[in-house]
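Before any comments, here is the structure.
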Amino acid sequence: MSEQHVIAIDQGTTSTRAIAFDASARAVAIARRALTQHYGDSGRVEHDPEEIWNDTQATVREVIERLPGGASGITALGITNQRETVVIWDRASGMPVHRAIVWQDRRTAEECARLKSEGAEELVRRRTGLLLDPYFSGTKVGWILDHVPGARVRAERGELAFGTIDTFLLWRLTGGRVHATDVTNASRTLLYDIHAQCWDEELLRLLRVPRALLPEVRDSSEVYGATEPGLFGPQLPIAGIAGDQQAALIGQACFRPGMAQGPRKRLGDRRARRASPR
């Protein structure tokens, strides 16, 4: 029996990576592609979802090719991703209706200021734990629906789908069979009640986001589905999703209340501490 591995898809703001880990959690193969940044006026930052998808396929395939057993030794895929970045796509074709609007983007600052002036921030803070800020996904969704011709009507008819990058990749990996996200990503949208653990109808009305757009919210650690036959050879289970900061927290085994992720130390720093007098 060949050695078993899991592959993590790490889709970040500046690059897309795939990393294969062995049974001892050692990284044994890594592939990376830089991601193009599209900048515009008024603090606009966008990514091309098709570039993200193409790079995801390429890096996963490169890693699989470098493993002794190839895809036959892969037990699961997982996804970690830049949070808050928004993609809306056509459910029938799978094609995005607009470039992804990145978490750094500030185009909805005036909309957030207007909502604050109307007293909406307390409701948002109480339900989501977040402040009204363009950083988060909700106002970005509204912007796309208002600025892409016909998008709002199509969204209300259920023809479009919304997701953060994890959801978009999951949709593509499963051939459009699974439209889902995990709680770490849903909780960063301004649309998710972290206490009731569900999409919040009042927040959806406030930010004018049709419920028909939204993915199912599932646990961070479960089998979401399997990759399309032939995409990477055999079908591979997709068995975990977590936004990047939460994924790092999990990776450092911070599982109990009160635990915190510490700074990563350089090898030279550790050597210097060992050499210094105590």
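Annotation: amide H of I79 within the under-5 Å range of I9, G240, I241, A242, sequence separation 5 or more or interchain, hydrogens built in the peptide plane.
Based on DSSP H segments of at least four residues, each scored -39500 (n - 2.57), the chain has a per-residue ellipticity at 222 nm of -9000 deg cm²/dmol. Close amide H contacts of G225 (hydrogens built in the peptide plane, cut-off under 5 Å, sequence separation of 5 or more or a different chain): I238.
Apply the a/c threshold of 1.5 to the C-alpha gyration tensor of region 1-144 and tell me whether it is rounded, prolate or oblate. In terms of gyration-tensor shape, prolate. For region 33-50, backbone phi angles converted through the Karplus equation (6.51, -1.76, 1.60; θ = phi - 60°) give residue-by-residue couplings of 10, 5, 10, 5, 9, 10, 9, x, 5, 6, x, 7, 9, 9, 10, 8, x, 5 Hz, Gly and Pro being listed as x. Backbone phi angles across region 168-185, fed through the Karplus curve with coefficients 6.51, -1.76 and 1.60 (θ = phi - 60°), yield HN-Hα couplings of 4, 5, 4, 4, 5, 4, 9, x, x, 7, 10, 10, 8, 9, 10, 5, 5, 7 Hz in residue order; Gly and Pro are listed as x. Surface exposure of region 56-145, expressed per residue as accessible area with a 1.4 Å probe, stands at 38 Å².
Quick one: with all protein chains in place, what share of the accessible area of the chain is carbon or sulfur, to the nearest percent (1.4 Å probe)? Please list the in-between numbers first.
On the way: 6770 of 13270 Å².
Ligands and nucleic acids excluded, carbon and sulfur give 51 percent.
Please name whichever of T164, T75, G233 sits farthest to the positive end of the charge dipole of the chain, dipole taken about the Cα centre and charges placed at Cβ: Lys and Arg +1, Asp and Glu -1. Checked the options; the winner is T75. For region 136-267, the direction-averaged projected area of the alpha-carbon convex hull comes to 11.0 nm².
Couplings for region 70-85, taken from phi via the Karplus curve 6.51 cos²θ - 1.76 cosθ + 1.60 with θ = phi - 60°, read x, 5, 5, x, 8, 8, 5, 10, x, 10, 10, 8, 4, 8, 6, 6 Hz in order; Gly and Pro are left as x.
Please report, in whole Å³, the volume per residue of the convex hull around the C-alpha atoms of the chain.
Taking the convex hull of the Cα positions in the chain, it is 169 Å³ per residue.
Here the scattering of region 59-170 is modelled by Debye summation over its C-alpha atoms, one equal scatterer each and no solvent; at q = 0.10 Å⁻¹ the log10 of I(q)/I(0) is -0.42.
The values are calculated or read from the model by the stated rules, or taken from the named source; none is laboratory data. Note that the structure is a prediction, hence the values are computed from the model and not measured. Cβ coordinates were reconstructed from backbone atoms using ideal geometry, including for glycine residues, and neighbour counts include every protein chain displayed. Note: areas computed on protein heavy atoms with side chains; ligands, DNA, RNA excluded. Shrake-Rupley method; radii C 1.70, N 1.55, O 1.52, S 1.80 Å.
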